[in-house]
Amino acid sequence: MNLFIELTHDEIVRDIPYQIIAETTESARWNTGRCKRLYSELFTDEEKKQCSRIRSQARLWAFVHGVPNEGVKVSVQMLKLWHKLGEFCASI
């Protein structure tokens, strides 16, 4: 059973590292061999699939539409993955 949390616009801006993820994954640094090796070591295949969706969402929020004004439901597991990917992006 998945637990879901509904985040408001302000909570997303404050608590989700979407800007760091979007800027890092769009940069040249993302496609380096070092980054790819670290990414493969730290994330499972299932997490990589979910990270692909997270990266797309982060890009939309950061560069295209902005963060939605209405609440967004996210599972606790996905929220943890947002933070894990954000920490990874901040470290490279």
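The values are calculated or read from the model by the stated rules, or taken from the named source; none is laboratory data. Keep in mind the model is a prediction, meaning the values are calculated, not measured. Note that we place each Cβ from the backbone using ideal geometry, even for glycine, and neighbour counts take in every protein chain shown.
Can you pull out the residues in the range 38-92 that are closer than 21 Å to HIS9 by Cβ and β-branched (Val, Ile, Thr)?
Those that are closer than 21 Å to HIS9 by Cβ and β-branched (Val, Ile, Thr): ILE54, VAL64, VAL67, VAL72, VAL74, VAL76.
May I ask you to list the residues in the range 35-65 that are outside any helix (DSSP H, G or I) and at pLDDT 95 or above?
Residues of the range 35-65 outside any helix (DSSP H, G or I): 43-44, 65.
Correct list: PHE43, THR44.
Determine, yes or no, whether TRP30 is modelled with pLDDT under 95, under 16 Å from the mean Cα position of the chain (by Cα) and assigned to a helix (DSSP H, G or I). Break it down into steps so the answer makes sense when it comes.
Numbers: modelled with pLDDT under 95: yes; under 16 Å from the mean Cα position of the chain (by Cα): yes; assigned to a helix (DSSP H, G or I): yes.
Against the criterion (modelled with pLDDT under 95, under 16 Å from the mean Cα position of the chain (by Cα) and assigned to a helix (DSSP H, G or I)), TRP30 qualifies.
Which residues, counting only those in the range 37-69, are among the charged types (D, E, K, R), loosely packed, with under 15 Cβ neighbours inside 10 Å and within 13 Å of the chain's Cα centre (by Cα)?
LYS48, LYS49, ARG53
Which residue pairs have Cβ atoms under 8 Å apart, sit 6 or more places apart or on different chains, and have a first residue in the range 20-35 that is in contact (Cβ under 8 Å) with a residue 40 or more places away in the chain and among the polar types (S, T, N, Q) and a second that is in a helix (DSSP H, G or I) and surrounded by 12 or more Cβ atoms within 10 Å (Cβ to Cβ)?
THR24/TRP30; THR24/CYS89; THR25/ARG55; THR25/ALA58; THR25/ARG59; THR25/CYS89
Answer yes or no: is there a residue in the range 70-88 that is surrounded by fewer than 16 Cβ atoms within 10 Å (Cβ to Cβ), in contact (Cβ under 8 Å) with a residue 24 or more places away in the chain and touching a Cys at 6+ places or on another chain (Cβ under 7 Å).
No, the range 70-88 contains no residue that is surrounded by fewer than 16 Cβ atoms within 10 Å (Cβ to Cβ), in contact (Cβ under 8 Å) with a residue 24 or more places away in the chain and touching a Cys at 6+ places or on another chain (Cβ under 7 Å).
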